[in-house]
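Report on the structure given below.
The values are calculated or read from the model by the stated rules, or taken from the named source; none is laboratory data. Since the structure is predicted, the reported quantities are computational estimates derived from the model, not experimental observations. Cβ: placed from backbone, ideal geometry, glycine included. Neighbour counts: every protein chain shown. Surface areas here come from the heavy atoms of the whole protein model, side chains and all, with no ligands, DNA or RNA. Shrake-Rupley method; radii C 1.70, N 1.55, O 1.52, S 1.80 Å.
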Amino acid sequence: MSTRKHTALPKAQTLVEALPWLVRHNNKIVVVKFGGNAMVDDDLKAAFAQDVVFLRQAGLKPVVVHGGGPQISAQLDRHGLVSEFRAGLRVTTPEAMDVVRMVLAGQVQRELVGLLNAHGTHAVGLTGEDAHTLTATKHQPRIEGELVDIGRVGEISAIDTGLITTLLDDDRIPVVSSIARSADDHHVYNVNADTAAAALAVALGAEMLVVLTDVEGLYEDWPNSDDVISRLTATQLEKLLPELSSGMVPKMQGCLYAVRGGVATARVIDGRVPHSILLEIFTDEGIGTMVVPDGPAGRDASGAPHERGADATPGPGAPHTTGGDTQ
């Protein structure tokens, strides 16, 4: 008797490959920073929403943190306000902060919540202001040795995870806009979404931080090669930070902060690839750059070594700059 070759067999093989990762990540919190091209391309936005809902249905607990750089710039332009960046951060006047707040909480967040809820009543939108989830202090970057005032730009000083934990316990998907109120002057501040996502991942005791961007990952020898570093330790990443481009620095600093704060892995992936989150989490190879803690800490909570084999060791003297989106 002949055996038919079923065309659906590759689908079954894909599901089987995902099984160990489904078991490993079951009931674990995954913080996903939504940004880059995935925020402005309709097909990529739809694929992102499907991925996040899949994580929830597969037994994980996703938390989404988003910025809105392109949308903010467009709205500022409509209001006749100039977009200016210093030290890789948006200069945010009080007038610009009103626009930032409106765009993040009233436009980007509402669209994303709608896309997620197209697959069920899962997503709930909130900002860092709600229930004092994020509290900020005024951030002044140092440029050429001098502290510079860039307006309503904040750095996180405190986190209250109570509201997010309650939503997760109710099987909801929290969608967090990266704005925060200050306990010092009670102003509302614009907070870098990469930084906010990393801080939330640590505070929530997340298993994983996933950062979407517009490059494939951290390049090993850019611009001489487009080979991506698949895996590196916190110490290896720390040595590379001074050589990275300004757009990539907050993402990789966030990854470093996350793994040194107890998050098992932090990953930077290409948000231009449809379903990049599923490819990264549920396949053996992954598609981006994964950062792990140093030494024996580079294992998951069960003691099992992380996937992807040995650490990638960059070649001597190689420039490790890479592109990145500025949120």
Exercise. Residue farthest toward the positive end of the dipole of the chain, with Cβ of Lys/Arg at +1 and Asp/Glu at -1: which of Ile173, Leu147, Gly125?
Worked result: Ile173
Exercise. Within segment 60-191, what percent of beta bridges assigned by DSSP are antiparallel, to the nearest 5?
Worked result: 50 percent
Seminar exercise, completed: Under Stokes-Einstein, the chain at 20 °C and 1.002 mPa s, with its Kirkwood radius over C-alpha pairs, diffuses with a coefficient in µm²/s of 106 µm²/s
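If you count the DSSP beta bridges with both ends in segment 3-102, what percent of them are antiparallel, to the nearest 5? Write out the running numbers ahead of the final one.
Working: 2 of 8 bridges.
Within segment 3-102, antiparallel bridges account for around 25 percent of the total.
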Problem set entry | Mean Cβ neighbour count within 10 Å, used as a protection proxy, ranking 181-189, 154-162, 8-16, 47-55 highest first | 47-55, 154-162, 181-189, 8-16
Problem set entry | segment 48-118 - percent of accessible surface contributed by carbon and sulfur, probe 1.4 Å | 51 percent
For this session: Take every Cα pair under 8 Å in the chain that's 6+ residues apart, average their separations, divide by the length, and report that relative contact order as a whole percent.
Result: 21 percent
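Express the accessible area of the chain per residue in Å², computed with a 1.4 Å probe while the remaining protein chains stay in the model. All intermediate terms of the calculation are to be shown ahead of the outcome.
Values: 14570 Å² over 327 residues.
Roughly 45 Å² per residue, with all protein chains present.
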Seminar exercise, completed: Partner lysines whose C-alpha sits under 27 Å from that of Lys11, ignoring same-chain residues fewer than 8 away, are Lys28, Lys45, Lys61
